[in-house]
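The values are calculated or read from the model by the stated rules, or taken from the named source; none is laboratory data. All figures in this text were calculated on a predicted structure; none of them were measured in a lab. Cβ sites come from the backbone with ideal geometry, for glycine too, and all protein chains shown count toward neighbours. Accessible surface is based on the protein model in full, side chains and every heavy atom, while ligands, DNA and RNA are left aside. Shrake-Rupley method; radii C 1.70, N 1.55, O 1.52, S 1.80 Å.
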2 protein chains.
Amino acid sequence: MPDLSSRQVSQLPPLQAIRVFDAVARHLSFTKAASELAMTQAAVSYQIKVLEERVGAPLFLRRPRQIVLTEAGQRLAPAVGEAFAILGQAYAAARAGADGLLCVTTVLTFASNWLAHRLGSFQIAHPSLAVRLETSSRMTDFAREDVDLAIRSGGGKWPGLEAHKLLDADFTPMLSPKLAASIGGVNEPADLLRLPILDPGDIWWTEWFSAAGVHSHDLARRPGSSMGAQAYEANAAIAGHGVAILTRALFKAELADGRLIQPFDLVGDDGHAYWLVYPEARRNVPKIRAFRDWLLAEIAC
Amino acid sequence: MPDLSSRQVSQLPPLQAIRVFDAVARHLSFTKAASELAMTQAAVSYQIKVLEERVGAPLFLRRPRQIVLTEAGQRLAPAVGEAFAILGQAYAAARAGADGLLCVTTVLTFASNWLAHRLGSFQIAHPSLAVRLETSSRMTDFAREDVDLAIRSGGGKWPGLEAHKLLDADFTPMLSPKLAASIGGVNEPADLLRLPILDPGDIWWTEWFSAAGVHSHDLARRPGSSMGAQAYEANAAIAGHGVAILTRALFKAELADGRLIQPFDLVGDDGHAYWLVYPEARRNVPKIRAFRDWLLAEIAC
DNA sequence: ATGACCCATAAGGAGGCTTTATGCCGGACC
DNA sequence: GGTCCGGCATAAAGCCTCCTTATGGGTCAT
């Protein structure tokens with residue numbers, strides 16, 4: 001079978017010279033080609049000479065008022081024009097395509113509790129941008145996945161990435177009002193231990209109870225879900241299945257309409273936060289800038 | 001109407017980077033592409049990075065054992081391959097075409113009296129070379145005419161051109177035996193003046209008569225043809241219309257078979273000669289080398 | 001005859017491209 | 001589970017291509 005995976009290097013011409021040849025062949029003028037290419041006429045002359053040496057034949061006849069293509073030039077010019085047309089089109093399409101599809105991965109919680117409600121306004125503001133939203137618990141590696149931006153939680157320091165803090169990942173217990181009423185109301189932190197604790201292995205529980213001055217060493221032994229995603233725990237809490245420890249900013253709506261209540265003002269904060277991240281090098285890519293600017297503005301509201 | 005004569009420069013990608021991208025996309029490996037392109041893996045990495053910055057999006061995902069094309073890369077790769085295929089083919093064709101057609105201009109005399117008889121052996125020796133033979137009295141300007149080699153007479157010094165001496169342009173009177181018999185034989189130079197002199201304005205006549213010690217100041221006043229091409233004068237001489245002054249080497253055949261006779265051993269030589277010339281810069285073009293080598297070998301016989 | 005236009009050429013310089021050298025990461029293989 | 005290996009990334013340094021400036025030659029037009 002023919003070896004499609006190789007291409008003889010020697011059969012490809014010097015590309016810079018070919019680009020110049022294309023311009024000259026269209027204008028039939030070194031000077032005009034030079035101005036199109038934004039270089040000097042001398043440079044054009046040089047490149048044509050180089051190409052003529054490589055081809056082994058003159059490509060233009062130098063007539064007094066104008067130049068004309070030799071036979072060799074006539075054979076070459078149409079193909080070169082076609083090749084550059086294809087190239088230019090594909091390159092432009094790649095740039096446009098690269099500008100037209102925005103791929104964002106986020107942690108599930110942020111997607112469902114914050115982003116989902118607001119993404120519409122971004123789409124309206126940028127109708128030419130298609131957004132592909134993926135949720136993933138893995139930390140995305142921009143070198144391995146075809147992703148433009150990510151929203152993740154963490155400390156905010158990742159090498160090679162630019163990070164903007166979106167929300168502090170604070171945490172405080174939340175539960176449904178009905179569940180609270182079922183034990184006659186939750187009046188002090190220790191009351192919570194009388195209820196099912198959702199994801200009791202979460203370090204947040206330990207930290208919060210300790211901050212609240214409540215002994216809770218038996219937490220890890222409790223049966224629990226360890227779902228690890230606030231959205232799931234929140235749904236369980238709303239359904240009255242137990243107490244969840246959640247980030248306030250992500251459940252403003254639920255707290256406001258009473259689906260969840262926050263029984264204590266005490267809020268834990270381990271310094272983690274939700275961050276918007278993307279490769280430093282792509283800081284100025286238009287679609288990335290657009291999403292970043294929109295998201296930071298929304299957050300500021 | 002669309003301006004077909006211009007092409008936005010900005011829409012063309014950096015070509016060297018594109019060439020590298022093509023190789024990488026085919027191999028799906030930086031290292032293998034580097035070896036195809038005969039450069040280092042680091043250089044490939046650099047070029048891909050450059051292109052990715054220009055496109056505004058990553059083109060490859062770096063996975064542990066291999067790389068894969070991103071969406072942007074997948075859009076770009078087929079078109080790039082196609083463009084290079086067209087380019088490579090056209091370039092190869094131009095080179096081959098340039099090698100396949102040999103264009104020679106010669107002065108008429110040399111063509112008809114020397115070259116015509118022998119060109120066949122060149123064609124046999126180089127069956128892949130098509131020869132286009134043009135005759136022209138003008139001195140060909142290689143910058144203005146699509147010509148590979150020229151045969152011309154002169155002093156052998158032309159700037160920018162390489163010249164090989166073919167024949168000395170000596171000269172001596174010749175005529176048909178019948179014409180000589182018509183005046184009872186040509187026994188001494190002055191006898192010639194009793195016959196029609198073909199092209200009497202030719203400086204060669206003056207020089208030859210003067211070398212022969214014959215007074216000939218009335219030559220220029222004689223009616224004559226001044227055709228300026230030996231082939232014509234030779235034909236007239238063979239037909240018995242007069243005496244021509246010709247170069248021996250070009251009429252060996254006619255002298256041998258008696259269509260012409262050379263009545264005197266005295267031969268003039270003004271230092272001119274027939275030369276094979278071609279642009280110095282194209283000294284090593286295969287077809288030029290082939291023709292030159294063949295012609296010089298033929299001459300040496 | 002002189003000016004205008006166009007291409008060719010030489011010399012000089014900047015920067016893109018390449019190489020060398022090294023690091024990092026992940027997988028494979030004991 | 002440590003070590004090796006394969007593959008890409010990165011930094012520094014040198015080269016060489018390519019471009020510019022400057023000038024010349026040749027032709028056509030005024």
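For the range A:1-20, a residue qualifies if it is at pLDDT 85 or above and part of a helix (DSSP H, G or I), and the qualifying residues are A:15, A:16, A:17, A:18, A:19, A:20.
Looking at this structure, is residue B:76 more than 7 Å from chain A (Cβ to nearest Cβ) and either within 20 Å of residue A:96 (Cβ to Cβ) or away from DNA strand C (no atom under 16 Å from the Cβ) (or both)?
Values: more than 7 Å from chain A (Cβ to nearest Cβ): no; either within 20 Å of residue A:96 (Cβ to Cβ) or away from DNA strand C (no atom under 16 Å from the Cβ) (or both): yes.
Answer is no for this residue.
Total residues in the range B:83-92 satisfying the condition of being surrounded by 22 or more Cβ atoms within 10 Å (Cβ to Cβ) and more than 21 Å from residue A:50 (Cα to Cα): the figure is 1. The residues of the range B:10-29 that are within 11 Å of DNA strand C (Cβ to nearest atom), open to solvent by 10 Å² or more (accessible area, probe 1.4 Å) and more than 7 Å from every other protein chain (Cβ to nearest Cβ) amount to a single one, B:14.
Going through B:95, B:63 one at a time, which residue ends up being over 14 Å from residue B:48 (Cα atoms) and over 25 Å from the mean Cα position of the chain (by Cα)? Lay out the reasoning, then the answer.
Values: B:95 fails: over 25 Å from the mean Cα position of the chain (by Cα).
B:63 is the lone residue from the list that is over 14 Å from residue B:48 (Cα atoms) and over 25 Å from the mean Cα position of the chain (by Cα).
Residue B:65 meets each of the listed conditions (1) open to solvent by 40 Å² or more (accessible area, probe 1.4 Å); (2) more than 9 Å from chain A (Cβ to nearest Cβ); (3) within 23 Å of residue A:85 (Cα to Cα) apart from (3).
For residue A:118, state whether it is outside the structural domain of residue A:283 (by TED's automatic domain parsing) and charged (D, E, K, R). Taking the combined requirement at face value, the residue does not satisfy it.
To keep it simple, each residue is scored yes or no on (1) without any contact (Cβ under 8 Å) to a residue 40 or more places away in the chain; (2) assigned to a loop (DSSP other than H, G, I, E, B); (3) touching a Pro at 6+ places or on another chain (Cβ under 6 Å); (4) near DNA strand D (Cβ under 10 Å from one of its atoms).
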site: B:31; (1), (2), (3), (4): yes, no, no, yes
site: B:46; (1), (2), (3), (4): yes, no, no, yes
site: B:51; (1), (2), (3), (4): yes, no, no, no
site: B:61; (1), (2), (3), (4): yes, no, no, yes
site: B:73; (1), (2), (3), (4): no, no, no, no
site: B:89; (1), (2), (3), (4): yes, no, no, no
site: B:93; (1), (2), (3), (4): yes, no, no, no
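Does the range A:214-229 contain at least one residue that is surrounded by 14 or more Cβ atoms within 10 Å (Cβ to Cβ) and modelled with pLDDT of 85 or more? Looking for residues that are surrounded by 14 or more Cβ atoms within 10 Å (Cβ to Cβ) and modelled with pLDDT of 85 or more, one finds at least one in the range A:214-229, hence yes. Number of residues in the range B:105-122 that are outside any helix (DSSP H, G or I) and either among the polar types (S, T, N, Q) or within 14 Å of chain A (Cβ to nearest Cβ) (or both): the value is 2.
Taken together, the residues in the range B:30-52 that are open to solvent by 10 Å² or more (accessible area, probe 1.4 Å) and within 20 Å of residue A:87 (Cβ to Cβ) amount to 6.
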